[in-house]
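Nothing in this text is a laboratory measurement; each read-out follows from the coordinates by a stated rule. The structure presented is a predicted model; accordingly, all values stated were derived computationally and were not measured. Note that we place each Cβ from the backbone using ideal geometry, even for glycine, and neighbour counts take in every protein chain shown.
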Amino acid sequence: MTSSTICSHHRIRTVLLMCVVLLSASLHAQAQNKETRINLNIRNATLESFVKQLENATGFSFIYGEEVKLTHRITLEMKQKNISEILQRAFENEPITFEISGKHILLHKRPVPQKPVSRKFTISGYVTDGASSETLIGANILDSRQRVGTATNPFGFYTLTLPEGDAELIFSYLGYETRHSSFPLNKDTVLNIRLDSNNELAEVIVLSDKKEAGIQATAMGAYEIPMAQIQHTPAVLGEADILKTIQLMPGVQAGTEGFSGLYVRGGGPDQNLILLDGIPVYNADHLLGVFSVFTPEAILYCRYTHQRRRYAPLPRCTQCRYTYRQTAF
């Protein structure tokens with residue numbers, strides 16, 4: 001081996017040795033800086049003033065961006081604490097993290113933890129009658145936990161979307177028993193419900209001692225005609241007739257014998273108001289007025305009332321100033 005080769009190897013070893021010494025010295029200095037304990041007293045300091053005081057006291061330099069901000073000013077009073085302990089105490093309630101790299105301290109904005117996205121699933125099905133299996137339109141479905149609900153469509157179908165977890169559904173419909181259903185919701189679920197009818201009512205008896213006829217009635221001139229009286233009243237050809245029975249009442253006259261026309265207190269047949277279940281009947285007779293259109297067997301009750309109603313003066317009439325209308329029910 002030549003002398004030049006030996007010299008070059010010697011130089012390489014010397015350079016490597018110097019690098020190792022310098023690196024160890026740098027690491028030792030950094031370790032000393034990290035472990036250097038200082039006393040710090042800061043009152044109501046901003047981030048800029050806090051960083052500046054630490055740089056002067058420790059020799060570290062801070063690097064951070066504009067997004068790094070304090071939510072509250074810093075107030076610290078610490079004795080014999082190293083740089084890591086001071087930074088942890090200063091930023092424990094702030095959205096700031098730090099990283100020590102050599103002689104530099106990097107400040108970062110603390111990442112906001114992302115809330116886990118709750119999965120949602122759909123509950124659907126039909127609500128039907130428990131006896132006939134007929135679909136129920138407008139049945140109510142309510143989740144008691146989320147306080148959300150829906151109703152069945154014209155086909156008795158419903159759909160309800162809820163977050164993952166326990167579901168407590170309440171199914172209700174007018175005239176049916178309410179039904180509850182609880183189950184864990186972790187997938188799309190088909191739930192068909194059959195509701196049992198509950199439309200039985202307790203017996204109700206309505207009693208009244210008030211008489212609704214004659215002068216004690218609320219409407220003066222009102223008479224209740226029993227159906228037994230109508231059926232036993234003599235009539236043409238033996239056929240019971242309501243209008244012919246009314247012709248026998250006080251103040252009522254028949255225009256022609258055997259016909260059903262009513263003349264109430266001097267009025268004419270066209271001045272009578274005849275109601276069947278509250279609906280006016282304009283032609284109350286048939287067979288040229290011999291019989292009325294009412295079948296006694298189909299009538300529950302008959303009430304006859306005569307009232308006077310005053311109207312405006314009739315045109316071309318100088319003898320009578322008012323006309324009166326008689327009413328028969």
Study note, to complete from the structure: Extend 7 Å from the Cα of Ser49 along its Cα-to-C-beta direction; within the range 69-96, residues with backbone N under 11 Å of that point are 73-75
Point to revise | Where labels lie 7 Å past Cα in the beta-carbon direction, separation of Ser197 and Glu239 in nm | key: 4.1 nm
Exercise for review: Return the long-range amide H neighbours of Tyr223 (sequence gap of 5 or more, or a different chain), with a cut-off of under 5 Å between placed amide H atoms.
Suggested key: Tyr304, Thr305
Review point. Between Thr36 and Leu207, what length comes free when the chain is fully extended (0.36 nm per residue of separation minus the Cα-Cα distance, one decimal in nm)?
Key: 51.4 nm
Point to revise | Calculated SAXS-style log₁₀ I(q)/I(0) at q = 0.14 Å⁻¹ - the range 77-152, Debye, Cα scatterers | key: -0.69
Revision key, fill the gap. Binned at 5 Å from zero, the C-alpha pair distances of the range 104-208 give percents of 2, 11, 18, 17, 12, 9, 6, 5, 5, 4, 3, 2, 2, 1, 1, 1, 0, 0, 0, 0, 0
Practice item. Provide the gained length on full extension for the span Met78 to Val293, in nm with one decimal, where the gain is 0.36 nm per separating residue minus the Cα-Cα distance. Key: 66.4 nm
Revision key, fill the gap. Cβ density ranking, 10 Å radius, fewest first, applied to Leu174, Leu243 yields Leu174, Leu243
Practice item. For the range 121-160, just the Cα set please: Rg and Dmax, both in angstrom. Key: 10.6, 32
Point to revise | Sequence-distant residues sharing a close amide H with Thr135 (under 5 Å, placed H) | key: Asp129
